[in-house]
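The next block holds one structure in the form of structure tokens; read it before the comments.
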Amino acid sequence: METFKKLKQYYWPFKRYFLWSVLFLFIVTAITVVYPMILQVTIDEVVIGGQYGWIPYLALGFIAIMAIKGAATYIHQYTGDLFGITSVYKLRNALYEKLQFLPFRYYDNAKTGDLMSRLTADVEGFRFFLSFGFSELIRFFLLILISISVMFYYSIPLTIVTLITLPFLAIVTFKFDKAVHPAFRSIRKSFGRLNTKVQENISGINTVKSLSREDYEIYKFNDSNSDYKDKYLFTSDIWAKYFPLMEFLGNLSVVLLLSYGGYLVMAGNLKPGELVAFYSLVWYIMWPIMNLGFIVNLFSQSKASGERLLEILEADNEIESKESPVVAKRLEGEVEFRDVTLKYTEEDKDALSNISFHAPPGKVIGIIGSTGSGKTSLTQLITRFYEPVDGEVLIDGVNVNEYSLNSLRSNISFVLQESFLFSSSIKANIAFGNPDASMEEIIEAAKRAQAHDFIMELPEMYNTILGERGMGLSGGQKQRIAIARAICSDPSILILDDATSAVDMETEFRIQKALKEVMANRTTFIIAHRISSLKHADEILVLENGTVAERGTHEMLLKNNGPYQRIYDIQYQDREKVIQSHAG
């Protein structure tokens, strides 16, 4: 029950619905146990005793009891569902909120499909137990307690003989729970992996088709699907082993009841109606106990689901604002790195090592280097997407750890190489970082990003709804909208991470020309592989293996005969070869 204790804050505030459900469950259960008693009176007093005048009254009483039971059942089920649905509404919101604030380090290892299955299938599994499983567990104890009390009233010896198999049935049920819980947990994990496989395939369907790898993807899906099937079959095998034994023990109680109960009737120590009532009451005990396997099944599934949900809720949110953070509405944009070292995990080598540089407000800093040299990692420390293991990052002379995350990140805009657009209108995408932006500001941002012209050619222009991840637009068009989004946010610090890699040279030239005005009075970091994208920078950092190999202006670096010179020679010699081949 430790899982339910940890999740108590999400369902216990709505305990009033649960208590109402239990109250009417008690009424329903009490009425259910009255049925055999009415049957006993009908047989012993009316049929055998010949008091046929009781029949109208018994019939009216039975109808009244049925009406009360129907109303009580409705209220019980409605309030039970209300308890479960209201609880998981709060739980699902808490999970989604937690995911919004978890650091990048968490998502480095998380799988999208697995997270989706947790917020859907696992939340629903937990809800079903709150709505149905809890009440069934209470119904189990109520039925057994009330039924045994009535049975003792009729005959103590017969009750003892009938329930002699009860301890064995309880032991089997306990062993079933111990076996089935790990099995259901493995099912949940397998389902998460299956979800991940489907999500990855759909997201990368263009790559799959372009390389004709449909058969391979089908094979991989079949492999994951087979694993999911095998996990379920293993669980079914556990059911198949335990349920026949549980049913045998339940039916053995009935055999003992009819054998010894028949003897008591013939001996005159028990009335026939009482034996019939006893038979019904025994099933009110045996069926719940045999059905306990189903309840245990629900409990095991919900427990496994709850454990997976707690893995999200209890994940370490290592990057948070301090209790009394510095709140800055507008930063000047002065950035300084002091001997900064970054590791993604303790086992990894340094992603960045002893990085130091100073970027005055309003300056343009270019960052270039080979793949994996640490270019993106460097800029992600500015926004506290990651924390350095050594050294410090300062903005306006204040350690970034001192700022509130909201005020820090609202002053910084990123444009990534892989531009992500939401399934919303173009207008909403551009204004995403500045929801209060006017239409004039949105259009101005689009014009500066060289996006206005192609937007105006779309059917609904700025109100055009984009497909998933910007489906329907080219890579260059998506990048230009992403640049417009960054411009519209009016940041103090602008980070362009290979932001023009998907546009042609002519468009890149126009964007750079427009960005010169945008970059005025704001600190800008330009990460690029093409020297043409950053040669105008005030200072260029050349990274190699997580360290600053050299630094300076474009002209200075060309005189050093270092890594920058080699990159320049490769790029411009290749360009000259292309020009000569066209000329030839």
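Any read-out appearing in this document is the output of simple, stated calculations on the displayed coordinates, not a laboratory observation. Keep in mind the model is a prediction, meaning the values are calculated, not measured. All Cβ positions, even for glycine, are placed from backbone atoms using ideal geometry, and neighbour counts span all protein chains on display.
Data for the structure
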{"item": "Theoretical ellipticity at 222 nm over the chain - DSSP helices of four or more residues, -39500 (n - 2.57) apiece, nearest 500", "result": "-20500 deg cm²/dmol"}
{"item": "Alpha-carbon gyration tensor eigenvalues x 5, square-rooted, for the range 2-313, Å", "result": "49, 23, 16"}
{"item": "Rel. contact order, % - alpha carbon contacts under 8 angstrom, at least six apart, the range 2-313", "result": "33"}
{"item": "Acute angle (nearest 10 degrees) that the helix 563-583 long axis makes with the longest principal axis of the chain, alpha-carbon atoms", "result": "80"}
{"item": "Global geometry of the range 1-104, whether rounded, prolate or oblate, following the gyration tensor of its Cα atoms and the 1.5 cut on a/c", "result": "prolate"}
{"item": "³J(HN,Hα), Karplus 6.51/-1.76/1.60, whole Hz, each residue of the range 544-559, x for Gly, Pro", "result": "9, 6, x, 10, 7, 6, 7, 8, x, 7, 4, 5, 5, 5, 5, 8"}
{"item": "Rounded to the nearest 20 debye, dipole of the chain from Cβ charges on Lys, Arg, Asp, Glu", "result": "1360"}
{"item": "Mean separation of Cα contacts under 8 Å (6+ apart) over length of the chain, as relative contact order %", "result": "14"}
{"item": "Per-residue HN-Hα couplings for the range 341-357 [Karplus 6.51, -1.76, 1.60; θ = phi - 60°; Hz; x = Gly/Pro]", "result": "10, 10, 10, 7, 9, 5, 7, 6, 6, 4, 6, 9, 9, 6, 7, 9, 6"}
{"item": "Lys, Arg +1 and Asp, Glu -1 on Cβ, resulting dipole of the range 2-313 about Cα centre, debye, nearest 20", "result": "940"}
{"item": "The chain: angle of helix 166-203 to the longest principal axis, Cα-based, in degrees nearest 10", "result": "30"}
{"item": "Residues whose placed amide H lies under 5 Å from that of TYR403, excluding near-sequence neighbours", "result": "VAL326"}
{"item": "Residue range of the chain that is longest and free of GluC sites (Glu not before Pro) which are both DSSP loop and sparsely packed (at most 12 other C-beta within 10 Å)", "result": "1-313"}
{"item": "Cut-off 14 Å between beta-carbons: net charge of the residues surrounding GLY369, Lys and Arg +1, Asp and Glu -1", "result": "0"}
{"item": "Bins of 10 Å from zero: percent of alpha-carbon pairs in the chain", "result": "3, 12, 17, 18, 14, 10, 8, 7, 5, 3, 1, 0"}
{"item": "Trypsin sites (Lys or Arg not before Pro) within the range 336-369, DSSP loop, no more than 14 other Cβ atoms inside 10 Å", "result": "LYS349"}
{"item": "The range 294-358: mean projected area of Cα convex hull, nm²", "result": "8.8"}
{"item": "Considering only the chain, percent of DSSP beta bridges that pair antiparallel, nearest 5", "result": "50"}
{"item": "Reach of LYS178 by Cα under 22 Å, taken over lysines that are not fewer than 8 positions away in the same chain", "result": "LYS5, LYS6, LYS189, LYS229, LYS231, LYS241, LYS303"}
{"item": "For the range 226-236, 3J(HN,Hα) per residue [Karplus equation, 6.51 cos²θ - 1.76 cosθ + 1.60, θ = phi - 60°, Hz, x = Gly/Pro]", "result": "5, 4, 4, 4, 4, 4, 5, 5, 4, 5, 4"}
{"item": "Unit charges at the beta carbon, dipole of the chain: most positive-side option, LEU194, ALA482, THR523", "result": "LEU194"}
{"item": "Cut-off under 5 Å, modelled amide H: who pairs with GLU544 long-range", "result": "ALA549"}
{"item": "Under 13 Å, Cβ to Cβ, from THR32 - net charge with Lys/Arg +1 and Asp/Glu -1", "result": "+2"}
